[in-house]
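Asks: Sending over a structure as structure tokens; questions will come in a sec.
Please treat every number below as a calculation from the coordinates, not as lab data. In this text the structure is predicted, and so the values were computed from the model without any measurement.
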């Protein structure tokens, strides 16, 4: 696994999300999930993680619309459809 790869970032985000071996930190998990998503991760867990964070208001203001969007992306990825990079940019913050 390459340093800076979407897979590595997704795995690290999951550790922060669950507090597994590190202090639970939803803000850091969201940052890592978003970086993995910006690299068009093919791991649906990245998108489900973003969906849970946004829909549940975990470290961010709750936004069911944004959470639903990420869950839809996760479903799409899990069924083998590619992620459209232009759609991911809609939710990235500078």
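Asks: Distances longer than 22 Å among the Cα atoms of the range 6-89: what percent of all pairs is that?
Replies: On the way: 555 of 3486 pairs.
When all Cα pairs of the range 6-89 are counted, 16 percent exceed 22 Å.
Asks: Over the range 6-89, calculate the relative contact order: mean separation of alpha carbon pairs under 8 Å at least 6 apart, over the residue count, as a percent. Could you put the intermediate results ahead of the total?
Replies: Values: 128 pairs, mean separation 20.3, N = 84.
Computed value for the range 6-89: 24 percent relative contact order.
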